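The values are calculated or read from the model by the stated rules, or taken from the named source; none is laboratory data. No experiment lies behind these values; they were computed from the predicted model shown. Note that each Cβ is placed from the backbone with ideal geometry, even for glycine, and that neighbours are counted across all protein chains shown. Accessible surface is based on the protein model in full, side chains and every heavy atom, while ligands, DNA and RNA are left aside. Shrake-Rupley method; radii C 1.70, N 1.55, O 1.52, S 1.80 Å.
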Amino acid sequence: CDGPALLPLRPGRIAVLAAPLPFRVDSAGVVSDVTLRRFGTRNLGEAESRRLGFDELAGAHATRSMLRVGGHAFARAASAEHAVAGAARLAALAGTTAAERVDAIAGWERGVGDIAALRTRVEAAARAVRWLGAVCDAYLVALFVLLPIAIATQGESTALLGALPVLATLHGVALTLAWRAHRALRPEARGDRFETLLAAALFPPHLLRLSQRIFLAGSGAPRPAVAAAVLLTGDARLGFLRRAVAESEFAAQRADANDAVARALSERESASVLEIAARAGVAEAELREPPVRGDPHSAAYCPVCRAQYRAGFDTCADCRVPLVAHAT
């Protein structure tokens, strides 16, 4: 539905995880061919991929960051909020016709409303964790810079006795600020708040990523194209949106002639990315502009990764998509 991978976008000090839904839809049902784990992604082989028919999706629900259908784990989402959104979309597909499914999926997280909503969420999350980030930075400096210097100059026992009150104070202040920030951003997520603060309380180095974790909880796991339009600028934004358009258009071409749902979804996805780009001020002509020839012997280029090839090649070695010939 948007690609099978997490995308860390780093427009500033804190990264934003732009996460597509961890499943894909075709005429036969829903397939989870990638498991999104806490430490990255794992692409599943064809034999491991799980497929569910549309009549099985009525009971889809989320347990923390896990999508469950019929009491069994189906796929892991990027966050608890992402899992809730994914489960709601799976449940909405139950009992629908092919035409209804295309319209429903095409309307998921689309257009200017998402852009405005993401911008609002990111700004609110940044404000909520501003002081928490400063305290976490101070904790980092105290633990990994000042404490080693004190041990080297004052001795281990003296340095540890002097550092413990400082670290304990920073720890307590950080937990308090984290609780307030999380409650302001996600007041209903008591379970996630308890889990986050308990981990930081029991394992102090967890504080080093506490502000980022709460920021991500507040900003959600936005659709990659929307996140790119809002958070990236210049060549980074243009390159990402250009690749998204090329991938969706190639998916439409590659779709089985008998799979009208997959083909229609890919076409809708391409139109959606073009709409998002236009709302962000990126013209369609910019997205389709061919790369400048880096080699006079270059005869074609990959529309996805923009790598250039000499004559005799017709498929990109990395992306496995047909090459586009340079204009003569």
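Restricting attention to the stretch 57-77, which residues are of a type in the set (A, V, I, L, M), farther than 17 Å from GLY95 by Cβ and at pLDDT 80 or above?
Once the filter is applied, which keeps residues that are of a type in the set (A, V, I, L, M), farther than 17 Å from GLY95 by Cβ and at pLDDT 80 or above, the stretch 57-77 yields ALA62, MET66, LEU67, ALA73, ALA75.
So, ALA201, is that one more than 22 Å from the chain's Cα centre (by Cα), open to solvent by less than 40 Å² (accessible area, probe 1.4 Å) and at pLDDT 85 or above or not?
No: the conditions fail for ALA201.
In the stretch 85-126, what residues are charged (D, E, K, R), part of a helix (DSSP H, G or I), open to solvent by less than 70 Å² (accessible area, probe 1.4 Å) and at pLDDT below 80?
ARG101, ASP114
Against the definition (surrounded by fewer than 15 Cβ atoms within 10 Å (Cβ to Cβ) and at positive phi), how does GLY294 come out, yes or no?
no
Which pairs turn up if I take residues in the stretch 190-219 that are within 14 Å of ALA78 (Cβ to Cβ) and look for partners that are among the basic types (Lys, Arg) and open to solvent by 30 Å² or more (accessible area, probe 1.4 Å) with beta carbon separation below 6 Å, at least 6 apart in sequence or on another chain?
That search, which allows pairs on different chains as well, returns SER219/ARG121.
Scanning the stretch 260-303 for residues that are assigned to a loop (DSSP other than H, G, I, E, B) and acidic (Asp, Glu), which turns out farthest from ASP114 (Cα to Cα)?
ASP295
Give me the helices (runs of 4 or more DSSP H) completely within the stretch 136-230, filtered to those with at least 1 residues that are among the hydrophobic types (A, V, I, L, M, F, W, C), in contact with a strand residue (DSSP E or B) (Cβ under 9 Å, 6 or more places away or on another chain) and closer than 26 Å to ALA80 by Cβ, ordered by residue number.
In the stretch 136-230, 210-219 are the helices (runs of 4 or more DSSP H) which contain 1 or more residues that are among the hydrophobic types (A, V, I, L, M, F, W, C), in contact with a strand residue (DSSP E or B) (Cβ under 9 Å, 6 or more places away or on another chain) and closer than 26 Å to ALA80 by Cβ.
Before we move on, is ALA307 within 19 Å of PRO224 (Cα to Cα) and surrounded by 14 or more Cβ atoms within 10 Å (Cβ to Cβ)?
No; evaluated as a whole, the condition is false for this residue.
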